[in-house]
Amino acid sequence: MKRIYADPVRCTGCKSCEIACAVQHSKSKTLFGAMAEPHPPRKRLFVEAAEGGKMPVLCRHCEDAPCVNSCITGCLYHDENGYVRRHKGRCIGCWSCIMVCPFGVITPDHLAHIAVKCDRCHKLEVPACVNACPTKALTLVDVDQLPPAVRNRVALNETGKGR
């Protein structure tokens with residue numbers, strides 16, 4: 001199973017990922033077209049300040065997802081790959097998912113009266129945010145391979161050979 005891994009050491013806070021996310025979820029799929037749309041597209045991840053650095057925060061597609069458990073209409077569900085997805089037509093804008101998300105990454109779209117969250121760009125091989133990141137702070141990784149890769153990065157940084 002592949003997940004988006006956010007490396008705070010590499011993030012410069014450029015917000016290229018946020019822009020790419022919004023453009024990918026626009027009707028036009030272009031930056032200038034998205035800016036001119038009557039209903040502006042919404043980003044689904046957020047670059048936040050964290051202890052002197054920046055950190056991209058996005059949906060973790062939790063296995064026991066509080067948002068899925070709290071959704072009274074069945075709008076949110078786990079797809080066959082384990083990602084938390086949304087049936088657009090079922091959302092009634094009750095915002096229960098927003099209130100229970102432990103990461104604060106589900107937001108209200110007041111114009112459409114629906115909850116908006118990361119769909120991991122399920123129609124793309126690589127999510128738009130990952131493609132847009134100039135420093136590779138966001139990478140698509142197999143969760144089984146992540147722990148050794150993180151240990152390796154930490155070891156290299158601690159010995160002065162990294163970055």
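The values are calculated or read from the model by the stated rules, or taken from the named source; none is laboratory data. Source: prediction; values computed, not measured. With ideal geometry, Cβ positions are generated from the backbone for all residues, glycine too; neighbour counts draw on all protein chains shown.
A few notes on this one:
- Ser16 outside the structural domain of Gly104 (by TED's automatic domain parsing) and in contact with an Asp or Glu (Cβ under 9 Å, 6 or more places away or on another chain): no
- Residue match in the stretch 124-139 (condition: over 19 Å from Cys11 (Cα atoms) and not aromatic (Phe, Trp, Tyr)): yes
- Of the residues making up the stretch 70-91, those that are touching a helix residue (DSSP H, G or I) at 6+ places or on another chain (Cβ under 7 Å) and either assigned by TED's automatic domain parsing to the domain that holds Lys43 or more than 29 Å from Cys133 (Cα to Cα) (or both) are Ser70, Cys71, Ile72, Thr73, Gly74, Cys75.
- Condition check for Cys67: touching a strand residue (DSSP E or B) at 6+ places or on another chain (Cβ under 6 Å), not assigned by TED's automatic domain parsing to the domain that holds Asp7 and not β-branched (Val, Ile, Thr): yes
- In the stretch 38-53, the count of residues that are over 15 Å from the mean Cα position of the chain (by Cα), under 23 Å from Ala112 (Cα atoms) and without any contact (Cβ under 8 Å) to a residue 40 or more places away in the chain is one or more.
- Residues of the stretch 58-81 classified as surrounded by 14 or more Cβ atoms within 10 Å (Cβ to Cβ) and outside any strand (DSSP E or B), total: 11
- Of the residues making up the stretch 17-49, those that are of a type in the set (S, T, N, Q) and surrounded by fewer than 18 Cβ atoms within 10 Å (Cβ to Cβ) number 2.
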